[in-house]
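Below is one structure, written out as structure tokens; comments come after it.
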Amino acid sequence: MLVESVFRSEDVPAADRFSHWREHMAQAYAPTEIHADHVEDFSACQRTLSLGAVQLWTMEHPALTLRRTPKLIRRSDPELYHLSLVRRGTMGLTELDREITYAPYDLVLLDTSRPYSIQAITGHGHRRIAGTGAFLPREALPLPRKSIDTLITRRLSGRDGIGALLADMLTRLAADAGSYRPSDGPRLGTVVADLLTALLAHAVDADNSLPEQARWRTLVLRIQAFIEQNLRDPELTPRGIAVAHHISLSYLHRLFRYEDETVAAWIRNRRLEKTCRDLADPGMRATPIHAIAARWGFVRAADFTRAFRAAYGRTPSDYRREALDVRQCTHC
């Protein structure tokens with residue numbers, strides 16, 4: 001599992017919760033002024049995952065106002081970029097004479113060296129605001145500083161294009177942190193930084209300034225997302241993937257040369273992971289193994305069994321029996 005830390009205001013006495021939250025935010029992010037209407041029953045939590053130099057966070061809290069003032073900046077400035085993805089609620093931001101409102105699945109980039117005021121508002125029957133994002137050192141984004149400055153506080157969409165890819169990665173990493181090892185953290189942090197770099201470069205139409213390594217990493221990630229969406233298709237092949245992304249087959253193979261697996265191996269292993277999940281699902285106990293295999297693109301049962309045994313050292317039926325026995329024991 002990725003290295004994580006969790007702060008919950010409920011873990012301290014009610015009278016101290018709001019003050020502890022303010023202290024936590026100052027240490028985890030940067031000194032800020034925080035005001036809330038109901039400090040006597042304040043309830044908030046933050047979870048942080050370590051991705052090397054990048055820190056991924058999720059947060060829930062009631063309506064509040066947060067200010068980063070020039071005085072506080074002079075007091076302490078970690079010189080970080082702060083990426084936020086609004087998931088629930090509304091965020092109003094004031095910077096200098098500009099006022100911007102962000103809705104769910106908007107992305108916004110802040111700079112700890114610039115003053116701003118944020119008003120987080122609940123709505124639609126929700127009592128708490130929810131968000132996901134990342135703290136990144138400035139050197140993690142290899143774009144010209146002037147280009148990035150033009151995008152600070154700008155509303156960026158997390159609903160389509162590269163923004164959707166970035167938003168999906170942030171939310172999936174936060175939801176599935178147990179699928180990764182601590183050593184995966186720095187590599188995943190690099191991917192997050194590369195995706196954000198690509199989104200910002202796209203926003204300023206500055207693709208030529210994007211380092212070549214970041215461009216191919218972003219393309220690989222797009223291709224992997226495409227594969228994920230089409231795993232059930234037995235006709236999914238490297239050639240078809242290359243055509244769908246308007247690149248040559250040889251270039252596709254060159255892109256994956258920097259990964260741990262070939263394109264075909266990546267497809268096969270993702271399919272095997274999906275079959276493992278279904279084989280271990282008690283709700284699919286009655287589904288024949290060959291049907292599960294076919295569901296994830298394995299047309300021939302014999303090919304599936306051979307690939308499964310090579311990957312996991314046991315047959316699919318043995319794996320299913322052991323996985324279901326373990327689940328049954330944990331619920332005894």
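The values are calculated or read from the model by the stated rules, or taken from the named source; none is laboratory data. No experiment lies behind these values; they were computed from the predicted model shown. Cβ sites come from the backbone with ideal geometry, for glycine too, and all protein chains shown count toward neighbours. Accessible surface areas use protein heavy atoms only, side chains included; no ligands, DNA or RNA. Shrake-Rupley method; radii C 1.70, N 1.55, O 1.52, S 1.80 Å.
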- Has the stretch 307-320 got at least one residue that is more than 30 Å from Leu221 (Cβ to Cβ), open to solvent by 80 Å² or more (accessible area, probe 1.4 Å) and without any contact (Cβ under 8 Å) to a residue 40 or more places away in the chain? yes
- Query: Quick one: which of Asp303, Asp233 is open to solvent by 40 Å² or more (accessible area, probe 1.4 Å), of a type in the set (Asp, Glu), modelled with pLDDT of 90 or more and assigned to a helix (DSSP H, G or I)?
  - Reply: Asp303
- Task: Please work out if Ala264 is in a helix (DSSP H, G or I) and more than 24 Å from the chain's Cα centre (by Cα).
- Result: yes
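Let me confirm something: among Leu93, Leu72, Leu109, Leu66, which residue is out of contact with any Gly (no Cβ under 8 Å at 6 or more places or on another chain), assigned to a strand (DSSP E or B) and farther than 20 Å from Leu166 by Cβ? Steps first, please.
Values: Leu93 fails: farther than 20 Å from Leu166 by Cβ; Leu72 fails: assigned to a strand (DSSP E or B); Leu109 fails: farther than 20 Å from Leu166 by Cβ.
Exactly one of Leu93, Leu72, Leu109, Leu66 is out of contact with any Gly (no Cβ under 8 Å at 6 or more places or on another chain), assigned to a strand (DSSP E or B) and farther than 20 Å from Leu166 by Cβ, namely Leu66.
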- Does the stretch 97-107 include one or more residues that are at negative phi, surrounded by 21 or more Cβ atoms within 10 Å (Cβ to Cβ) and aliphatic (A, V, I, L, M)? yes
- Note on the structure: By residue number, the members of the stretch 27-52 that are touching a residue at least 40 places away in the same chain (Cβ under 8 Å) and outside any loop (DSSP other than H, G, I, E, B) are Gln46, Arg47, Thr48, Leu49, Ser50, Leu51
- Query: Is it true that Ser183 is of a type in the set (Gly, Ala, Ser) and open to solvent by 50 Å² or more (accessible area, probe 1.4 Å)?
  - Reply: yes
- Message: Can you list the helices (runs of 4 or more DSSP H) lying wholly within the stretch 134-208 that have 2 or more residues being among the polar types (S, T, N, Q)?
- Response: 185-203
- Note on Ala63: of the conditions (1) open to solvent by 20 Å² or more (accessible area, probe 1.4 Å); (2) closer than 20 Å to Phe135 by Cα; (3) not β-branched (Val, Ile, Thr), unmet is (2)
- Note on the structure: Filter the stretch 281-318 for residues that are hydroxyl-bearing (Ser, Thr, Tyr) and more than 18 Å from Arg232 (Cα to Cα); the one that is nearest to the chain's Cα centre (by Cα) is Tyr312
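Which residues, counting only those in the stretch 188-203, are free of Cβ contacts under 8 Å to residues at least 60 places away in the same chain and over 15 Å from Leu219 (Cβ atoms)?
Matches in the stretch 188-203: Ala203 only.
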